[in-house]
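First comes the structure, then the notes that go with it.
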Amino acid sequence: MIKVAKYVVYDILRNRFVLLYTALLLMITLSLFNLDSDAGKATLSLLNVILMVIPLVSIIFTTIHFFNSYEFIELMLAQPVSRKTIYFAEYFSVAMALSVAYGVGVGIPLLVLNFSESSIYLLLSGWLLTFVFVALAFLSSVATRDKAKAIGIAMMFWFYFSLIYDGFILYMIYSFSDYPLEKVTLALVSLNPIDLARIIILLKLDVSALMGYTGAFYKDFFGSFWGLTYSILFLAIWTLLPLYLALRKFVRKDI
Amino acid sequence: MIGPNGSGKTTLIKCILGLVLPDRGEVRVMDQPISKDWHYRHHIGYMPQIGRYPDQMKIGQIFDMICDLREYNNNPDEDLIKAFKLDQMRGKRMHTLSGGTRQKVSASLAFLFRPSILILDEPTAGLDPVAAEILKEKIQAEKKEDRTILITSHIMSDLDELCSHVVYLEEGKILFNDTIDLLKEETGELKLGRAIATIMQRNLKQEKV
């Protein structure tokens, strides 16, 4: 697999998009820390930007890369290489390339400028989100033969998780505000990887008081070791499930 | 292997390579079912009808990459690379190549590893007469080395020169599978093209009756 991955990484580095992405992240991080003298606030702003940018870039880059590698995949499949090897080589190359870009663009400046627990969690959840959304984009790419359709489906994931789902939760909390909803919202949050990532960091930033009673409940839950394990576990499921579904489709796909 | 357009020649080849998975049935290569184990592809050299390659890679990189992946370093068969003068354009990127040059790359790749089975999907289509002759000579030479060579083509005179057996495929069904000599004997024709035409006409008549 390493051998195939080597050529995929070589191909990714060739088109310079990843370098551009690194530069963009680096620029955002540095400018936010320069604008705000309070490191905590800067981290919070950074969090909001990153929660939008990472899923979006992961999804678009992965889908475009997958369809651009179609010829490569075709060539590989006529060689003595198993489909699983090709699939995992593609997935890990893309996910690792984006993770390295994130590590360099956000991780290094963040750890230098504001070395704290919340920074480490921000870094960690960014990586997890990259793996989740690359897997979701693989699922949509494998599911269809048409590039535009695949990008469309992948973008729907992004819209859904970053905009529509939040609206839905807000509406629900508002409509059922007379009932105790903590456990229900906790369950609902688990269904959205972006929310899971957000909550981990918000609680570490000590702004959870702003979130009222529910925030206190979350702090009680997510602040603990188990809460953290729980959210990482769910983000892992969010990676492995689409990855597995896409693999099943890819192994049976006619090229 | 011959047959009209859309009769399933390329699809059958893709099934053998595992690019397309058959709905029913089982493909066996060297008596081993291919569904479980992909190692059988070590023995197959494949030249696709339309060779598609990563745009940004150079000709030389493609050859090196496939050698690396196949872990084949002992004396690859570079006859065709030299005959097609591809070694002089190793630095050219794939997207700048003409259709014919791509075909040459595909052909050279198929022969590179001295595979015991060669699958050539319309090998001479798109090649200029000189290149086509070079390729045909190479096929003749490989035939003497006791390799199994599967060719699809619409050029009967080529097949007449190169092949010993013919499979006639129509709508995914085998209508004829025997030696060329027997086919000629049966139809009383001297050329493969005529013999095939006679068989097809006979089938049409049978359908009408």
Checklist entry - Roughly speaking, what is the centre-to-centre gap between the stretch B:154-181 and the stretch B:16-45 when only Cα atoms are used, to the nearest Å? => result 22 Å
Checklist outcome for this item: Residues whose modelled amide H sits under 5 Å from the amide H of B:V29, counting only those 5 or more places away in sequence or on another chain, are B:I34
Checklist entry - Roughly speaking, to the nearest percent, how much of chain A's 1.4 Å accessible area is carbon and sulfur? => result 72 percent
Checklist entry - Over all residues in B:137-149, what is the mean tally of Cβ atoms on other chains that come within 10 Å of each residue's Cβ? => result 0
Checklist entry - What's the local net charge at A:F250, with K and R +1, D and E -1, over the other residues with C-beta under 15 Å away? => result +4
Checklist outcome for this item: Here the net charge surrounding A:Q79, from other residues whose Cβ is less than 9 Å away from its Cβ (Lys, Arg +1; Asp, Glu -1), is +2
Item to check | Rounded to 10°, Cα long-axis angle of helix B:192-208 versus longest principal axis of chain B | outcome: 50 degrees
Checklist outcome for this item: Taking every other residue with Cβ under 15 Å from the Cβ of B:Y53 and scoring Lys and Arg +1, Asp and Glu -1, one gets +3
Checklist entry - Taking the Cα atoms only, what angle lies between the long axis of helix B:99-111 and the longest principal axis of chain B, rounded to 10 degrees? => result 90 degrees
Checklist entry - Between the helical axis of A:17-35 and the dominant principal axis of chain A, each derived from Cα atoms, what acute angle in degrees is found, rounded to the nearest 10? => result 20 degrees
Next on the checklist: Run through the stretch B:133-209 and list the GluC sites (Glu not before Pro) located in a DSSP loop whose Cβ has at most 14 other Cβ atoms within 10 Å.
Outcome noted: B:E145, B:E171
Checklist entry - Which order, highest average first, do B:102-114, B:77-89 follow once you tally other Cβ atoms within 10 Å for each residue and take the mean per peptide? => result B:102-114, B:77-89
Next on the checklist: Please compute, for peptide B:13-21, the average count of beta-carbon atoms on other protein chains lying within 10 Å of each residue's beta-carbon.
Outcome noted: 3
Item to check | Exercise: per-residue mean of other protein chain Cβ atoms within 10 Å, A:78-86 | outcome: 6
Checklist entry - Under 12 Å from the Cα of A:K41, which aspartates and glutamates turn up, not counting those fewer than eight places away in the same chain? => result A:D206
Next on the checklist: Spelling out what I want: for every residue of the stretch A:184-193, take phi, set θ = phi - 60°, compute 6.51 cos²θ - 1.76 cosθ + 1.60 (Karplus), and round to whole Hz; glycine and proline get x.
Outcome noted: 5, 5, 4, 5, 5, 4, 4, 7, 10, x
Item to check | Amide proton proximity set for A:D36, modelled H, under 5 Å, gap of 5+ | outcome: none
Checklist outcome for this item: Taking Cα pairs closer than 8 Å and at least 6 residues apart, the relative contact order of chain B in percent is 24 percent
Item to check | When each of A:K6/B:K143; A:K253/B:K143; B:K9/B:K143; B:K104/B:K173 is checked by Cα-Cα distance, pairs over 26 Å | outcome: A:K6/B:K143; A:K253/B:K143; B:K104/B:K173
Next on the checklist: List the trypsin sites (Lys or Arg not before Pro) within the stretch B:109-209 that DSSP assigns to loop and that have no more than 14 neighbouring Cβ atoms inside 10 Å.
Outcome noted: B:K191
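The values are calculated or read from the model by the stated rules, or taken from the named source; none is laboratory data. Quantities reported herein were computed from a predicted structural model and do not represent experimental measurements. As a convention, Cβ positions derive from the backbone with ideal geometry for all residues, glycine included, and neighbour counts pool all protein chains shown. The accessibility values were calculated without ligands, DNA or RNA, using every heavy atom of the protein model including side chains. Shrake-Rupley method; radii C 1.70, N 1.55, O 1.52, S 1.80 Å.
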